[in-house]
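Structure, as structure tokens:
The values are calculated or read from the model by the stated rules, or taken from the named source; none is laboratory data. Just so you know, these numbers come straight off a predicted model, no measurement behind them. With ideal geometry, Cβ positions are generated from the backbone for all residues, glycine too; neighbour counts draw on all protein chains shown. Accessible surface areas use protein heavy atoms only, side chains included; no ligands, DNA or RNA. Shrake-Rupley method; radii C 1.70, N 1.55, O 1.52, S 1.80 Å.
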Amino acid sequence: KAVLAIDVGGTKTMACLVKEGKVIEEVQFATDHNLGPDGWIDVIATKVSNWRGSYGRVAAAVTGIVVDGNWQALNPATLNLPQDYPLIDRLRGTFGVDAIAVNDAQCAAWGEHRFGAGAQKDMVFLTVSTGIGGGIVINGRLLQGTAGHFGLFQGYFECSHRPLEDSISGHWMNAEACKAGYELEAPAIFVAARSGAPWASHIIAISARRLAILCQNIQLALDPKCIVIGGGIGLAEGYIDQVRGAFTFPKISLRPTLVSAGLGRHAGVIGAADLAIAQSN
Ligand code: BMX
């Protein structure tokens with residue numbers, strides 16, 4: 001049987017049927033910040049109602065952290081969640097099968113390690129999205145809990161009391177665009193930059209420069225063989241090249257090796273499904 005894998009992010013929600021590392025059915029829609037978790041689960045259940053019977057487990061890749069089955073936000077600016085939402089219980093109750101829930105970027109790290117661009121024993125995954133999420137695989141093992149929450153590193157830029165992601169991520173890009181007089185989300189900022197708008201190129205360049213520093217710090221901490229980059233911004237055309245171009249380590253051999261997510265936007269659901277299967281064996 002397939003796994004019903006869902007990925008709830010600050011911008012988008014995706015539900016897929018995943019079998020043997022492949023997505024066989026998929027629906028995707030915007031995460032409605034006004035609904036809250038009960039509402040999101042209801043929407044997912046409605047959209048996938050005709051898949052009933054074809055999955056034996058539910059695997060959720062979620063922004064934020066899940067401790068003892070309870071879900072919470074670490075940076076409510078990316079997605080606000082009630083304290084300790086009983087996610088696993090609600091998923092079991094709604095879908096009638098066993099459920100697991102793991103941080104979205106950790107799931108994506110695992111997906112990329114097993115089936116994507118990060119087959120090496122030591123790798124890091126970074127999603128540049130609404131926030132900045134991360135996952136670490138060391139010696140072929142996924143580190144869970146708070147490990148990999150690079151976006152939550154304390155900022156050392158002008159807004160030093162905020163998480164680092166608040167000066168790099170899609171959420172930040174949107175706020176910067178608004179300051180420049182354009183109410184645009186990240187994808188539209190990339191379109192504007194491509195059509196020659198200097199304000200848009202400037203925002204992207206600053207984000208890429210800061211991400212380059214973060215990647216270098218990750219390299220120093222963990223010495224991964226590669227850092228796999230995903231997320232809507234991370235995968236936007238030209239972004240990774242700008243990050244590579246902004247490395248400051250003079251010695252090229254010390255610089256991180258950046259690669260694009262091989263599974264693209266499916267990394268999270270594929271990783272979550274694989275974790276669910278591993279847990280059932
Ligand atoms: C935030 C944090 C991480 C998450 C990352 C990417 C919350 C709600 N989320 O750092 O857990 O992995 O954002 O999330 O605290 P996304 O929504 O941008 O995919």
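Scanning region 259-277 for residues that are among the hydrophobic types (A, V, I, L, M, F, W, C) and either outside any strand (DSSP E or B) or open to solvent by less than 10 Å² (accessible area, probe 1.4 Å) (or both) returns 261, 263, 267, 269, 270, 272, 273, 275, 276, 277. Consider region 123-139 and keep the residues that are within 12 Å of the ligand (Cβ to nearest atom) and outside any loop (DSSP other than H, G, I, E, B). The one that is nearest to residue 186 (Cα to Cα) is 128.
Residues considered: 120, 154. Of these, the only one that is within 16 Å of the ligand (Cβ to nearest atom) and either free of Cβ contacts under 8 Å to residues at least 40 places away in the same chain or within 30 Å of residue 241 (Cα to Cα) (or both) is 154. How about region 27-43: which of its residues are within 20 Å of residue 129 (Cβ to Cβ), touching a residue at least 40 places away in the same chain (Cβ under 8 Å) and surrounded by 15 or more Cβ atoms within 10 Å (Cβ to Cβ)? Of everything in region 27-43, those that are within 20 Å of residue 129 (Cβ to Cβ), touching a residue at least 40 places away in the same chain (Cβ under 8 Å) and surrounded by 15 or more Cβ atoms within 10 Å (Cβ to Cβ) turn out to be 31, 37.
Within region 68-96, the residues that satisfy the criterion of being open to solvent by 40 Å² or more (accessible area, probe 1.4 Å), more than 18 Å from the chain's Cα centre (by Cα) and more than 20 Å from residue 19 (Cα to Cα) are 68, 70, 82, 83, 84, 89, 90, 93, 94. Might you check whether a residue that is modelled with pLDDT under 95, among the hydrophobic types (A, V, I, L, M, F, W, C), within 12 Å of the ligand (Cβ to nearest atom) and surrounded by fewer than 19 Cβ atoms within 10 Å (Cβ to Cβ) occurs anywhere in region 164-187? Within region 164-187, none of the residues are modelled with pLDDT under 95, among the hydrophobic types (A, V, I, L, M, F, W, C), within 12 Å of the ligand (Cβ to nearest atom) and surrounded by fewer than 19 Cβ atoms within 10 Å (Cβ to Cβ). The residue of region 1-16 that is nearest to residue 130 (Cα to Cα), among those that are open to solvent by less than 10 Å² (accessible area, probe 1.4 Å) and more than 16 Å from the ligand (Cβ to nearest atom), is 4.
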